[in-house]
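The next block holds one structure in the form of structure tokens; read it before the comments.
The values are calculated or read from the model by the stated rules, or taken from the named source; none is laboratory data. Because the structure is predicted, anything quoted here is derived from the model rather than measured. Backbone-built Cβ (ideal geometry, glycine too); neighbour counts: all protein chains shown. Keep in mind that these areas ignore ligands, DNA and RNA; they rest on the heavy atoms of the full protein, side chains included. Shrake-Rupley method; radii C 1.70, N 1.55, O 1.52, S 1.80 Å.
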Amino acid sequence: MQSANHEVGTVQPLAAVADAAAHGDVPVLVDACASVPWQGLGAPWTVAAASAHKWGGPSGVGVLAVRKHARWRDPSPADDRGDRRALGFDDVPGAFAAAAALQAVLAEADETGRRVAALVDRLRAEVPRLVPDVDVVGDPVERLPHLLTFSCLYVEGEALVTALDRAGFGIGSGSACTASTHEPSHVLAAMGALTHGNVRLSLHPGTTDDEVDRFLAVLPGVVARLRAEVGL
């Protein structure tokens, strides 16, 4: 189960799921990539997966945490050094850098999260007020502090991404997992949300009020121009 959805930011009821699973002695595998730098790994889990680049650690370092006494069979080929828990040589510097980066990020996560969440709250309120026919997606409360996804009717998501990129904003359309395809987002489709004109904002800890001001000033004109190009 995902601890939080990467695309719309909604936090999943992991604690309740883990509690139900515990009654049946069912292990819980958690994809915690999106939430770890903001919330840590507080909820119960048996196995947790994360990626160090999400919190400023080294790219290419994946984290797989397995609790002691968990029922676990390593899917990797056996290591000929005699230790069946590992494959190849351990990337000790990478692991150390990932841990140090996470420790530094979590030390400021509460303060940073509150500030960034306030910026996203403002965007959630202002974007549909300034731009007609916009669908803001995801739970407004039970969410990660830094993510916002909205869909603009009558506009292609990639066209909007390109236009905003020219204005100086690096945003995405859809999740990172499907960004290289032109298929509609299966997450948005399952939610019954608009699947075209999709924009995903991921605010970083250094995002400022001035940057949000400029985005809100630029967005209405960009959407209006793109809609005019298709005769709307």
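Residues of region 168-177 being open to solvent by less than 30 Å² (accessible area, probe 1.4 Å) and at pLDDT 90 or above, which ones?
169
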Residue ID - least open to solvent (accessible area, probe 1.4 Å), chosen from residues in region 27-44 that are of a type in the set (A, V, I, L, M, F, W, C), without any contact (Cβ under 8 Å) to a residue 60 or more places away in the chain and part of a loop (DSSP other than H, G, I, E, B): 32
Whichever residue in region 113-124 is in contact (Cβ under 8 Å) with a residue 24 or more places away in the chain and of a type in the set (A, V, I, L, M, F, W, C) and, among such residues, is surrounded by the fewest Cβ atoms within 10 Å (Cβ to Cβ): 117
Hits in region 125-152 - residues which are assigned to a helix (DSSP H, G or I) and open to solvent by less than 30 Å² (accessible area, probe 1.4 Å): 127
Yes/no for residue 95 being open to solvent by less than 80 Å² (accessible area, probe 1.4 Å), closer than 21 Å to residue 206 by Cα, free of Cβ contacts under 8 Å to residues at least 60 places away in the same chain and not hydroxyl-bearing (Ser, Thr, Tyr): no
Any hit, region 188-207, residues being hydroxyl-bearing (Ser, Thr, Tyr), at pLDDT 85 or above and either in a loop (DSSP other than H, G, I, E, B) or in contact with a helix residue (DSSP H, G or I) (Cβ under 7 Å, 6 or more places away or on another chain) (or both): yes
Among the candidates 218, 212, 155, residue that is part of a loop (DSSP other than H, G, I, E, B), closer than 19 Å to residue 130 by Cα and modelled with pLDDT of 80 or more: 155
Complete set of residues in region 49-65 that are open to solvent by less than 60 Å² (accessible area, probe 1.4 Å), of a type in the set (A, V, I, L, M, F, W, C) and without any contact (Cβ under 8 Å) to a residue 24 or more places away in the chain: 49, 50
Condition broken by residue 22, with the remaining ones in (1) assigned to a helix (DSSP H, G or I); (2) modelled with pLDDT of 90 or more; (3) more than 25 Å from residue 98 (Cα to Cα) satisfied: (2)
